[in-house]
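Read the structure below first, then the notes.
Every number in this text was worked out from the coordinates using simple rules, so none of it is lab data. Just so you know, these numbers come straight off a predicted model, no measurement behind them. Reconstructed Cβ throughout: ideal geometry from the backbone, glycine too, with neighbour counts over all protein chains shown.
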Amino acid sequence: MSATTRSRAARSGAARARTYQLAVLLARPARIAVGRLGEFAFPAGRYIYTGSARRGLDARVRRHLSRAKRLRWHIDYLLAAPGASIVDVTLSGESECALNQRTRGAIVVPGFGASDCRCGCGSHLKFAGD
């Protein structure tokens, strides 16, 4: 994790962070097959993905930042698309669903990143526009 991300986490009081948000920029529209969810049209623009890790948060974020990885989680499919890049990472001590529910944006893919969600989020990926 970068020094900037660590310092942002420290300033926000997220020293015990278990939740993170990835700001993802998709440079051009794409049709992406997202694992078992199916294929979806993703408009170009900015997306916010909210995730969590019970332990190993730094390793999880480093994995997301890496280009060479097996596609395992829904977010991996979006990040593997041509023109997709992570432009910011924010850490939080807030619960994954509470943080996601406060995040503004449209749901493009129902169920994305929310396979185990019990709070009715609908998706843990929000399209924030361009």
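Give the relative contact order (percent, whole number) for the chain; include only Cα pairs under 8 Å separated by 6+ residues. Result for the chain is 33 percent.
Helical runs assigned H by DSSP (4 residues or longer) give the chain a calculated mean residue ellipticity at 222 nm of -6500 deg cm²/dmol, each run adding -39500 (n - 2.57) before division by the residue total. As a proxy for reagent exposure, ranking 107, 48, 75 by other Cβ atoms within 10 Å from fewest up yields 107, 48, 75.
Applying the Karplus relation 6.51 cos²θ - 1.76 cosθ + 1.60 with θ = phi - 60° to the stretch 113-120 yields 3J(HN,Hα) values of x, 10, 4, 9, 6, 10, 10, x Hz, where x marks Gly and Pro. Fewest-first ordering of 103, 19 by other beta carbons within 10 Å of each residue's beta carbon gives 103, 19. Taking amide H as placed 1.01 Å from N in the peptide plane, the amide H of residue 34 sits under 5 Å from that of 39, 40, each at least 5 places away or on another chain. Computed over the chain with a Gaussian network model linking Cα atoms closer than 10 Å, the most mobile of 65, 78, 37 is 37.
The Rg/Rh ratio for the chain is 0.93, where Rg is the radius of gyration of the alpha carbons and Rh is the Kirkwood radius. Listing 126, 69 from fewest to most neighbouring C-beta atoms within 10 Å gives 69, 126. Model label sites at residue 41 and residue 103, defined 7 Å from Cα along the beta-carbon direction, differ in position by 2.4 nm.
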